[in-house]
Amino acid sequence: MSRSGRQIINTKQSAPLARRRSILASVSVAILAIVVVVAIALMNRVPQNATVPQNAPGVLKVGQTAPNFTLSTTNGPFDLSKAGGKPTLLEVFATWCPHCQREVKVIDPLYATYKNKVNFVAVNGAPLGMDGATPETQADVIAFVQKFGVTYPVAFDPNLDVAHIYLQSGFPTLVLIGANGKIDALRDGEIPRADLDKALSAVVAGKAPDPKMGFKL
């Protein structure tokens, strides 16, 4: 076979290969674009200082009536329907979550300031305990309280009933419920003390707090 003949055959064989490579390259670019879009969406949905929960988040809106719950806490029983005409700050946390662990130092001093005017209650919201591997138990919650010096009321919810309703896109989730039983503010992740203090000060004064408690994208 002549040299020119071999070149024609090679050209015919390489054309499909080139097309396949072009298609693969296009698919790769499309997949990369999808990954980038999804990553950006997730970053915008969950604050960087929050831990993404394993269970599906609840669906709550500011202004709606807060679903009732009753819990046995480290400071005795708590019933939202009998909140005593006071606002309530609810925290849904995970014992293994580093953001929740750091938030204790924010909430503790605010509890000392507002505990006579605001109900404080924290409840576990993850199925795994402090080691992040074994099922959550009351011992995990007690260990969390002791290790991080929690002074505000903390409850163990074995069925995660409260979390199924109140947990949003990340741990910790903080929900500020007004004295009228309506949800005044929601926020995921670590909240700076100044932001949380401002929100608590507003509800104590009978004013509407920032519904995101200072959070900005």
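How much solvent-accessible surface does Ile177 expose, in Å² to the nearest 10, with a 1.4 Å probe and all protein chains in place?
The accessible area comes out at roughly 0 Å².
Under a point-charge model restricted to the Cβ atoms of Lys and Arg (+1) and Asp and Glu (-1), what is the dipole moment magnitude of segment 145-217 relative to its Cα centre, in debye to the nearest 20?
That gives a dipole near 220 debye.
If you take the beta carbon distance between Leu128 and Arg102 as r and set R0 to 22 Å, what does 1/(1 + (r/R0)^6) give as a FRET efficiency, to the nearest 0.05?
0.70
I want to make sure I understand the PRE zone here: with the label point 7 angstrom from the Cα of Lys115 toward its beta carbon, which residues in segment 141-162 have backbone N atoms less than 16 Å away?
Residues 145-146, 148-155 qualify, since their backbone N sits under 16 Å from the label point.
Across 10 Å bins from the origin, how do the percents of Cα pairs in segment 79-194 run, short distances first?
Using 10 Å bins, I get a P(r) of 14, 49, 32, 4, 0 for segment 79-194.
On the full set of protein chains, 1.4 Å probe, figure out the accessible area of His164 and give it in Å² to the nearest 10.
100 Å²
The values are calculated or read from the model by the stated rules, or taken from the named source; none is laboratory data. As the structure is a computational prediction, the values presented were derived from the model and not from experiment. Every residue, glycine as well, gets a Cβ built from its backbone with ideal geometry; the counts of neighbours run over all protein chains shown. When the accessible area is computed, the model is the full protein with side chains, heavy atoms only, and any ligands, DNA or RNA have been set aside. Shrake-Rupley method; radii C 1.70, N 1.55, O 1.52, S 1.80 Å.
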